[in-house]
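Worksheet: the structure to be examined is printed underneath.
Just so it is clear, none of the values below were taken in a lab; they were calculated from the coordinates. None of these values were measured; they are calculated from a predicted model.
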Amino acid sequence: MLMLLIRLTLYAITLLVYAPYLIFSLRNKYYTRFPIVFFAFLGMFVYNAIGSIYVFVPHLRVSVFNNDYFSYKFSLMLILQVFMFYGVSLPYTMQAKPVRPAHRQERTAVSFMIFILIAAIGLILYLYVRNVGTPPGIRILTGGLTTQEVIQFRIAGTFALDDYYIYNVGFMTLPVILASLACTLYLKSPRKIYILLILACMVVTTFPGGKGNITRISILLLIIGVLYRRHYPSATKSSRKAWIVAGLVVVATGAVVLAMYRIYYGPDY
């Protein structure tokens with residue numbers, strides 16, 4: 001009973017840490033000024049914070065396996081994640097002003113940002129492979145593991161790691177930022193390189209071996225598309241190409257999620 005109370009208290013603290021930015025954004029209508037930042041946070045709040053109830057109180061979901069993966073480090077990871085988000089987003093949203101830089105300067109800045117994001121993701125993935133080994137998602141999707149082995153292998157290669165909160169930045173946070181940027185750039189100026197960046201980021205999010213990451217990034221990309229086209233009606237000239245990208249995102253996500261369900265719950269799912 002005491003342990004359950006401690007877990008519920010930590011869960012409540014986690015929600016409270018996430019709440020200020022949500023309230024702040026809603027009161028100041030930042031969801032219209034900074035939709036990408038807001039919906040990225042909303043995904044973290046709904047999926048990571050609220051959704052973590054099944055980790056804090058695993059008995060809410062019936063399972064034939066031992067699904068109690070709670071640890072104090074997990075709670076700390078959720079809290080550190082949102083503080084990292086605050087450290088990046090708050091200065092930006094508080095100081096950002098609507099300016100229109102010259103096209104050449106804008107293109108140079110965006111190219112540099114893309115390079116930095118790719119380099120950071122590559123460095124984190126290199127450190128993971130060097131220190132841990134093959135990412136769980138690759139081993140799981142290539143087959144050869146039983147359902148029980150899949151769960152054990154995934155936990156050992158993710159949440160059981162002391163430094164996973166760092167690796168998760170390369171598996172989820174940075175790919176989401178890069179994919180969001182590439183999606184916006186594609187809607188502005190359709191180029192195949194942006195599609196490749198989006199698909200590459202979606203692939204990277206599957207490396208932890210779960211269904212949630214690729215679902216989140218796909219929902220975010222679709223939201224970006226809807227909001228962009230709402231605020232920039234002139235973008236309708238690339239409507240067909242935009243629908244092609246949306247279709248690729250949905251099909252790729254559906255295929256990965258279906259494959260994951262079959263692996264985790266058996267071929268009869």
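On full extension, the segment bounded by Ile138 and Ser71 gains 21.6 nm, given 0.36 nm per residue less the C-alpha separation. Applying 0.36 nm per residue to the separation of Ala19 and Ala120 and subtracting their alpha-carbon distance, the gain on full extension is 33.5 nm. Cα-based radius of gyration for the stretch 147-188, normalised by 2.2 N^0.38 Å, reads 1.64. Computed extension length for Ala156-Met84: 23.5 nm, one decimal, from 0.36 nm per residue of separation with the Cα-Cα distance subtracted.
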